[in-house]
Amino acid sequence: MRRTVLITGASRGIGHAIAQELGEAGYDLVLNYLHSRTQAEQLQQDLQQRCGIRALAIHADVADEQQVDRMVRQAEEQLGGIDILINNAGVDLANLFRRKSSEEFRRTLDVNVLGAYFCARRVSEHMLEQHYGRIINISSTNGMNTYYPMSIDYDASKAALNSLTHDLAVQFAPDIHVNAVAPGFIGTASELDGYDEEFLRQECEKILVRRYGKPEEVAHLVRFLISDEADFINNTILRIDGGQMGSC
Ligand code: NAP
């Protein structure tokens, strides 16, 4: 049976890599985006042609519950219910500690925590009905043992997302498995943007494998976690960070 996966924030970075990986593995895909419409629609076309799957790019701000509801309804009408959710959409509005505004802090929590919650709650309706579902939250080592006061809201949001992962796993057991993947430093365009070589070298010194990760490496792990081989993995946070030492 072909399963349908909703990937939030599939237009760029890690979400884009997860979409490529899962499309190549034969999953039907709902590709959510916020601003990057062209990239999402190109990805949809590419995956349909190259992998022969059904793919659908849908705009929604995951922080808006009504938009999430509309997105899932459209997906259900066109592709059927969502079997697997990858809560990947996230923002990191880094700013100097003293300049961080309460609006920025709230927006980060709204997207990174409430967005994941809205999506999980909405797709769980179908998953519980069919007694099967998988939810993967893309968390971060930030908030576990890596802290940057410039990203105080981001760090708090990822700690909250880990907590949400455990609560949802308990709430939805035994039908839906809920896990989180916590990447360390992954070299997406938005992550590398603005860093000079010296900073990157110093960051890589804190990682035992002495390099930053690739989005595809996170995608490989996600593919395994939603496979039937990973059926005994539930309610856990899996780090993928090259052996990153705690830092600040
Ligand atoms: P990215 O390149 O900045 O991409 C972010 C994605 O999220 C984009 O597709 C963006 O869509 C989407 N997005 C943002 N706000 C959204 C909203 N409100 N509603 C729907 N979509 C939204 O980020 P990334 O580096 O790939 O990170 C992806 C995830 O991995 C995030 O949750 C991040 O916290 C986590 N992570 C990243 C790293 C890293 O080092 N890169 C490390 C640990 C964890 P549009 O472009 O369409 O606006």
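The values are calculated or read from the model by the stated rules, or taken from the named source; none is laboratory data. Small disclaimer: the values here were computed from a predicted structure and weren't measured. All Cβ positions, even for glycine, are placed from backbone atoms using ideal geometry, and neighbour counts span all protein chains on display. For accessibility, only protein heavy atoms count, side chains too; no ligands or nucleic acids. Shrake-Rupley method; radii C 1.70, N 1.55, O 1.52, S 1.80 Å.
List of remarks:
- Taking other residues whose beta carbon is less than 10 angstrom from the beta carbon of residue 245, and scoring Lys, Arg as +1 and Asp, Glu as -1, yields -1.
- Column: log10 I(q)/I(0), Debye, Cα scatterers of the stretch 21-119, q = 0.16 Å⁻¹: -0.73
- The stretch 37-104 - percent relative contact order, Cα under 8 Å, separation 6 or more: 17
- DSSP beta bridge pairing in the chain, given as percent antiparallel to the nearest 5: 5
- Accessible area in square angstrom per residue, the chain, 1.4 angstrom probe: 48
- Overall Cα dimensions of the stretch 130-211, principal axis frame, Å, largest first: 51, 23, 23
- Lys/Arg +1, Asp/Glu -1 at C-beta; the chain dipole; positive extreme among 44, 185, 91: 185
- Comparing 202, 159, 82 along the charge dipole axis of the chain, the residue lying farthest to the positive side is 202, per the Cβ-charge model.
- Rounded percent of accessible protein surface that carbon and sulfur make up, the chain, 1.4 Å probe: 50
- Total charge dipole magnitude, the stretch 182-225, about the Cα centre, Cβ charges on Lys, Arg, Asp, Glu only, Debye to nearest 20: 300
- Semi-axes of the equivalent ellipsoid for the chain, Cα gyration tensor, largest first, Å: 28, 19, 19
- Computed magnitude of the charge dipole of the chain (debye, nearest 20; Cβ of K, R +1, Cβ of D, E -1): 200
- Here's the picture: charge each Lys and Arg Cβ at +1 and each Asp and Glu Cβ at -1 in the chain, and of 148, 128, 57 the one pushed furthest to the positive end of that dipole is 148.
- Among residues other than residue 203 with Cβ under 13 Å from its Cβ, the summed charge is -2 (Lys and Arg +1, Asp and Glu -1).
- Contact order for the stretch 131-248, expressed relative to its length and based on alpha carbon pairs under 8 Å spaced 6+ residues apart, stands at 36 percent.
- The chain: most fluctuating residue of 92, 196, 64 per GNM, C-alpha cutoff 10 Å: 196
- With both labels modelled 7 Å from their Cα along Cα-to-Cβ, the residue 201 to residue 217 distance reads 2.1 nm.
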